[in-house]
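Heads up: the structure comes next, in structure tokens.
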Amino acid sequence: MVEVTKAILGSYFHAPTYGEITYVQNALILMNTQGVIESILVPGDEDYQQTVEEHRQNNQLKELRKDQYLLPGFIDTHIHAPQWPQAGIALDAPLNIWLDEHSFPLEAKYADVGFAREVYTDLVQQLLARGTTTALYFGTIHKESNLELVKISAEMGQRALVGKVVMDDKEGNPEFYRDESTEVALRETEEFIQEVREYGKNVPQGVYPVVMPRFVPSCTDEALDGLGKLAKKYDTHVHTHCSEGQWEHDFVKERFGKTDTETLRDFGLFGEKSVMAHSNFINDNDAGIYVETGTAVAHCPISNVYFANSVIPIKHLKELEVQIGLGTDISGGFSPSLYDNIKQAVMSSRQLEEGVDTNLPQSERGVPNSRISVAEAFYLATTGGGEALDLPLGLIEPGYTGDFQIVDTQIAGHELPSFNVFDEPEYLLQRILYLSTQANIQEVYVQGRRVHKR
Ligand code: GUN
Ligand code: FE
């Protein structure tokens, strides 16, 4: 059941500044009829008490209980919806074999819209239950099943950005799973954009079509060029994989004599609304291209453990001012939870800093000054995701969407250990991010509509 809330009273955490956490106690968050935050009143504001009372009396107020906290909804900037049945499967194979033997046969099944409906309904529900209110979805090559994902996420209240995947190269893809031809791939992409735009007119939280070459190795030059032109013509989001692992990185260099970043930019696929998954191998010149064009990185720390052959220097890229969001990369990453990815982002950065090979002296083992904090990783999952998608998401501020998760730290059987020590807000959020589970996420809202309740 969908419930619409116009006012929430509670204490919240968010991250307006990278690396810093803001905690606001007993705030009254007021939303307009579209579920966009209009104003926030705090105790001490002149009309605070009176406005709280008015909303209480009109039965319009959602009041958080003691031990409940409000966090912004999380934003998953890279997830393969069709790979949900593959989560946790065959992760000991290298990427190309994993794709050929598992992902492609699985993705081919989405020719069946009924199968798509079954998987996508479960996935969207599972993501909402983990606090993910917005997702940038890789679909499959099948237009109809992608439209099904659009409709399911829209109906369940999640904000979705969805792409019809293009993989048209006869050399780079198996016969059982590739676009019929370049022409068909481009035509269906264009139809998909138009159909999603039409459908989206009646979706309050928005649903967005995305131009989506799988990655350079699966596409012809003609397709990449055509997709760049479609992105420009319709001013759409663009999403693909860039410089994920050693193989992809070398393959693109060999084929074009330039980096993946330069290649994608030259095909017109970089821009304010472009998000590149992984980007593990980008050099400083590439990073400059991200900044110049407003293109973002979707950092997928769990997936990277398995398929990246490296650890991405997030701290360095943030210092260069690259926009970065966080992604689960289901199912390169096994977990659908951005909480899990927040933790892994921190842990991977620590291993990069310290190094891993004890045959080397400590001073030569790692990359100094690489660690990121859990507050920084929280930024990536919220504010960073909004920046990456170029949408007003991830912050609890006027003008931003009313997307929230209510985390309860004292659910019976899932109490987070407090014992009235380390109760400062900073520690409270750290405890929530490291230790809470799905059970602690009591309710989830997208633009004021309740989309999940335990
Ligand atoms: N590169 C191209 N396709 C894929 C995919 O499905 N998953 C990952 N992790 N990398 C890819
Ligand atoms: Fe991926």
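The values are calculated or read from the model by the stated rules, or taken from the named source; none is laboratory data. What you see is a predicted model; the values in this text were computed from it and never measured. Every residue, glycine as well, gets a Cβ built from its backbone with ideal geometry; the counts of neighbours run over all protein chains shown.
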I need a count of the residues in segment 8-28 that are outside any loop (DSSP other than H, G, I, E, B) and out of contact with any Ser or Thr (no Cβ under 8 Å at 6 or more places or on another chain). 6
Taking segment 430-444 as the region of interest, how many residues are of a type outside the set (Lys, Arg) and either over 20 Å from the mean Cα position of the chain (by Cα) or at pLDDT below 95 (or both)? 5
Contact list please: Cβ distance under 7 Å, first residue in segment 436-454 and more than 18 Å from residue 338 (Cβ to Cβ), second residue among the hydroxyl-bearing types (Ser, Thr, Tyr) and at pLDDT 95 or above, pairs at least six apart or on different chains. 447/401
The correct count of residues that are of a type in the set (Gly, Ala, Ser) and either touching a strand residue (DSSP E or B) at 6+ places or on another chain (Cβ under 6 Å) or surrounded by 21 or more Cβ atoms within 10 Å (Cβ to Cβ) (or both) in segment 412-452 is 2
Just for segment 239-265: of the residues that are within 15 Å of ligand 1 (Cβ to nearest atom) and of a type in the set (A, V, I, L, M, F, W, C), which one is surrounded by the fewest Cβ atoms within 10 Å (Cβ to Cβ)? 247
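Would you point out which residue out of 22, 51 is β-branched (Val, Ile, Thr), modelled with pLDDT of 95 or more and over 26 Å from the mean Cα position of the chain (by Cα)?
Values: 22 fails: over 26 Å from the mean Cα position of the chain (by Cα).
Answer to the selection: 51.
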If you go through segment 204-250 one residue at a time, how many are over 27 Å from residue 152 (Cα atoms) and among the aliphatic types (A, V, I, L, M)? 3
Please indicate, with yes or no, whether at least one residue in segment 107-127 is part of a helix (DSSP H, G or I) and within 13 Å of ligand 2 (Cβ to nearest atom). yes
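Looking only at segment 319-344, count how many residues are aliphatic (A, V, I, L, M) and within 16 Å of ligand 1 (Cβ to nearest atom). Outline the logic, then answer.
Taking segment 319-344 first, the residues aliphatic (A, V, I, L, M) are 320, 322, 324, 326, 330, 338, 342.
Filter again for within 16 Å of ligand 1 (Cβ to nearest atom), leaving 326, 330.
So the answer is 2.
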Report every pair of residues separated by at least 6 positions or lying on different chains whose Cβ atoms are under 6 Å apart, first residue within segment 321-350 and at positive phi, second among the small types (Gly, Ala, Ser) and within 14 Å of ligand 2 (Cβ to nearest atom). 329/303
Expected output for segment 256-284 (first residue touching a residue at least 40 places away in the same chain (Cβ under 8 Å) and assigned to a loop (DSSP other than H, G, I, E, B), partner of a type in the set (S, T, N, Q) and surrounded by fewer than 18 Cβ atoms within 10 Å (Cβ to Cβ), Cβ below 6 Å, 6+ apart or cross-chain) is 271/293
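Taking residue 177 as the residue in question, decide whether it is of a type in the set (Ser, Thr, Tyr), assigned to a loop (DSSP other than H, G, I, E, B) and modelled with pLDDT of 95 or more. If you could, list the steps in order and put the result at the bottom.
On the way: of a type in the set (Ser, Thr, Tyr): yes; assigned to a loop (DSSP other than H, G, I, E, B): yes; modelled with pLDDT of 95 or more: yes.
Against the criterion (of a type in the set (Ser, Thr, Tyr), assigned to a loop (DSSP other than H, G, I, E, B) and modelled with pLDDT of 95 or more), residue 177 qualifies.
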Given the conditions (1) assigned to a loop (DSSP other than H, G, I, E, B); (2) over 21 Å from residue 298 (Cβ atoms); (3) not β-branched (Val, Ile, Thr), and given that residue 426 satisfies all but one, which numbered condition is not satisfied? (1)
Quick check on this structure: which one of 331, 335 is under 23 Å from residue 432 (Cβ atoms), modelled with pLDDT of 95 or more, within 18 Å of the chain's Cα centre (by Cα) and not in a helix (DSSP H, G or I)? 335
Considering segment 200-214, residues that are in a loop (DSSP other than H, G, I, E, B) and surrounded by fewer than 22 Cβ atoms within 10 Å (Cβ to Cβ), and then whichever is nearest to ligand 2 (Cβ to nearest atom), we arrive at 206
Evaluate the following for residue 100: is it surrounded by fewer than 18 Cβ atoms within 10 Å (Cβ to Cβ) and assigned to a helix (DSSP H, G or I)? yes
